[in-house]
Amino acid sequence: IKNKGAKVGEVLVLTKPIGTGIISTGIKRGLVEEKIAEQAIELMSSLNKVPAEIMAKYEVSSCTDVTGFGLMGHLKEMVESSNVTAEISFDTIPFLDTVKELAAANIIPGGTYNNRDFVDHVVDFGKLSRTSQLLLCDAQTSGGLLVCLPPDQADLYVKELKKLGMKEVTIIGKIIHEGSGIVIK
């Protein structure tokens, strides 16, 4: 499955929470509690094997992993190669514990700032604060999958993954029209 082929009317599923880059930076600076560090390491150690195998049962039009370019960087590649616009609901995006607080304290890796600049011409961040924008651009280590598929299929996919213990998997947005772009609500 390629990151090209997203279609208007489909939805976007994210299989892991965002924030591993910020948490890793906090760990390096000695600012993260051991429990949070362990959760982040466990998340980064978990493979995308299960969600990838299960997605083969569904009508997935496109998929990408969310890694160094962050959620917005990888979504940018998807929408540009598919010539579609995605609308993302910020409130539905799962974040690791304490990542918002760390970002507010400016505990942000340099790559995340570069990612923000990389997507500037494609993403309409609306009224999001600069900190929230950077959260969406956080350079991930071993992030989840961003999967695009029809809404009914997405609901089934999410339910199946949740039954397997992937509690953070969620629908974060939809493809709203042709013409490449990203709108954050």
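The values are calculated or read from the model by the stated rules, or taken from the named source; none is laboratory data. The structure displayed is predicted, hence computed values, not measured ones. Please note: Cβ atoms are built from the backbone with ideal geometry, for glycine as well, and neighbour counts cover all protein chains shown. In case anyone asks, the SASA skips ligands and DNA or RNA and just uses the protein heavy atoms, side chains included. Shrake-Rupley method; radii C 1.70, N 1.55, O 1.52, S 1.80 Å.
In this structure, ASP124 and GLU34 have a Cβ-Cβ separation that, at R0 = 41 Å, corresponds to a calculated FRET efficiency of about 0.60.
Here the chain carries DSSP beta bridges of which approximately 70% are antiparallel, counting only pairs with both residues inside. Each of [x] 49; [y] 41; [z] 56 is a candidate for percent of Cα pairs over 22 Å apart; the one calculated from this structure is [y]. What part of the accessible area of segment 63-106, given as a whole %, is carbon or sulfur when the probe is 1.4 angstrom? Looking at segment 63-106 in its full context, I get 46 percent from C and S. The mean sequence separation of alpha-carbon pairs under 8 Å and at least six residues apart, normalised by the residue count of segment 25-180, gives a relative contact order of 41 percent. Take the chain with all the other protein chains still there, run a 1.4 Å probe, and you get 47 Å² of accessible area per residue. For segment 1-58, carbon and sulfur atoms together expose 55% of the accessible surface, with a 1.4 angstrom probe and every protein chain in place. For the chain, the dipole from Cβ point charges (+1 on Lys and Arg, -1 on Asp and Glu) about the Cα centre works out to 60 debye, to the nearest 20.
Computed extension length for VAL50-GLU101: 15.3 nm, one decimal, from 0.36 nm per residue of separation with the Cα-Cα distance subtracted.
Please give me the summed charge of the neighbours of ILE107: other residues whose Cβ is under 9 Å from its Cβ, Lys and Arg +1, Asp and Glu -1. Charge balance near ILE107 sits at 0.
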